[in-house]
Amino acid sequence: MDAPNVLLVVLDTARAARVYDEQLMPNVNRLADEGATYEQAYTTAPWSLPSHASLFTGAYTGDHGVHADARQFTPERPPLATRFQAAGYRTLAYSNNFWISPSFGFDTGFDEFEVGWELFSGGEGFAEVGKEQAGLLGQLQAFAPKLLSRSAPKTLLNAVFLATVWDRHDSGAWLTTRRAKRWLDGDEPFFMFLNYREPHLAYEPPAEYISEVTPDGQTPPDPGAVNQDPWAYVTGEVEMDDAEFEQLEILYDAELRYLDARLGQLFEALDERDLLEETIVVVTSDHGENLGEHGLMDHQYCLYDTLLHVPLVVYGPEIEPGRRTGLVELKDLYGTLLTAAGLRSDPAVDLRGRPDRAAVAAEYRAPMPSIDRLRTEYGELPESVLAYDRGLQAIRTDDWKLIQGTDGSERLYDLRSDPGEHEDVSAAASEVRDRLADRLRERLRPIEDDGSEPTDEDVPAAIKDRLEDLGYLN
């Protein structure tokens, strides 16, 4: 068999249970029916930066070293794109996630890496495009010195695009699919990575998709009428009831329903070009989302399965169709894709035939945003929020899950009777707790605070601004 193409699609912030809903995401599920579906796949970190680093290197956060206090992706192990590039593949990436961008080093190994917030690559002075505090006129005035350069038209159009179009009608899915379809034309095999930002907060899908997923007899929710600031909710500044979270869930589902329509167009383009049968297609997520569970919104401050359980569908040549119910980790894709493409031969790291894991592990080495940042933004914080000022590590088997914190906290859950992870049974099941604690120490590096402060000197101001809008930067 000739070298297969590889298409790696990340649905940012997508919960496994929602992706596997055939009514909600029919196109993804049709692909899943013809490929391998890993029903118990788990990410190694609950947010984008460390999770993508694990996906690209096959390493845990403590080993690749990318997290809230160390934000640059400078891997010692050659990442997936570098491996495929060295083997003669065209390596292509399109990302709508500000973390997963050249600013943080994720373009390593890619021939082309484009981002959704720039309409054209090659524009100048993007770092000067920040928040829209001064309005479009003020931004254009700031660009005046740049408008004499050769790249001025691209610079100007990127500025206008960011200020007037970007993130207004979708979170980039239309443009991402359009670019990906253009990239499908070529002679060399390709490794293509796509990050779709739907269904990341804020949930603002096209209105027709909100209507599609709203239960009969209910009025479709207005995205602007329900709180979508997770930190305002977490800190207690804004209170939300069950009805409001039901509205958020509808909006979240509508984002996925819309995204599925765009993915259907991508899969159709592969089929029309006779590429589908010679392409390994992976559809997964970097992490899940809290929608009020455990008193949380967004995807920070915990290692519950609401964040760690992710969808994983693998379709393509030599992929045996069927449902897999054993435990696997998202980072297992590193060895699987390299082996499937013939770039290494190691059955022990190949999801297509390797036995399921006895346990999966994850870690959250530092809170993001920091508690100090929350205090700056929201004032005095309740004790419940101060408790989030710690790192976490977790290990999970089919039946048990242990979560340990750097603050000395330790919680054990019996997943057979408590799949929602609500009741700590560490005292009643101390032998299980101690056994899992030993396995956790064997699996993950200890979290150590070296006292370093996160630095972002090389990150464009516009990226910082947008991340601050989302509440990320310390």
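Could you tell me whether any residue of the stretch 105-113 is hydroxyl-bearing (Ser, Thr, Tyr), closer than 25 Å to Ala340 by Cα, assigned to a loop (DSSP other than H, G, I, E, B) and out of contact with any strand residue (DSSP E or B) (no Cβ under 8 Å at 6 or more places or on another chain)? Yes, the stretch 105-113 contains a residue that is hydroxyl-bearing (Ser, Thr, Tyr), closer than 25 Å to Ala340 by Cα, assigned to a loop (DSSP other than H, G, I, E, B) and out of contact with any strand residue (DSSP E or B) (no Cβ under 8 Å at 6 or more places or on another chain).
Scoring Leu470 on the criteria (1) within 26 Å of Ala59 (Cα to Cα); (2) modelled with pLDDT under 95 leaves a single failure, condition (1).
Would you confirm whether any residue within the stretch 387-395 is touching a residue at least 24 places away in the same chain (Cβ under 8 Å), part of a loop (DSSP other than H, G, I, E, B) and touching a strand residue (DSSP E or B) at 6+ places or on another chain (Cβ under 7 Å)? Yes - at least one qualifying residue is present in the stretch 387-395. Can you find, within the stretch 60-78, the residue that is modelled with the lowest pLDDT among those that are assigned to a loop (DSSP other than H, G, I, E, B) and open to solvent by 20 Å² or more (accessible area, probe 1.4 Å)? Across the stretch 60-78, the extreme among qualifying residues is Asp69.
Taking the options Ser430, Ser384, name whichever one is among the polar types (S, T, N, Q), in contact (Cβ under 8 Å) with a residue 60 or more places away in the chain and over 23 Å from Tyr60 (Cα atoms). Give the steps one after another, and end with the answer.
Working: Ser430 fails: in contact (Cβ under 8 Å) with a residue 60 or more places away in the chain.
On inspection, the qualifying residue turns out to be Ser384.
Looking only at residues of the stretch 32-59 that are closer than 15 Å to Ala16 by Cα and not in a loop (DSSP other than H, G, I, E, B), we find that the one that is nearest to the chain's Cα centre (by Cα) is Tyr42.
Of the residues Gly292, Gly236, which single one is touching a Pro at 6+ places or on another chain (Cβ under 8 Å), open to solvent by 20 Å² or more (accessible area, probe 1.4 Å), under 20 Å from Leu374 (Cα atoms) and not aromatic (Phe, Trp, Tyr)?
Details: Gly292 fails: touching a Pro at 6+ places or on another chain (Cβ under 8 Å).
Only one candidate passes the filter, namely Gly236.
Look at (1) at pLDDT 95 or above; (2) over 24 Å from Leu330 (Cβ atoms) and you find that Asp372 fails only one, number (1). Given the conditions (1) at pLDDT 90 or above; (2) under 25 Å from Ser285 (Cβ atoms); (3) not polar (S, T, N, Q), report the number of the one that Pro382 does not fulfil. Failing condition for Pro382: (2).
The values are calculated or read from the model by the stated rules, or taken from the named source; none is laboratory data. Since we're looking at a predicted model, the values are computed, not measured. When we count neighbours, we look across all protein chains shown, and the Cβ atoms used for this are built from the backbone with ideal geometry, even at glycine. Areas reflect the complete protein model, heavy atoms only, side chains present, ligands, DNA and RNA absent. Shrake-Rupley method; radii C 1.70, N 1.55, O 1.52, S 1.80 Å.
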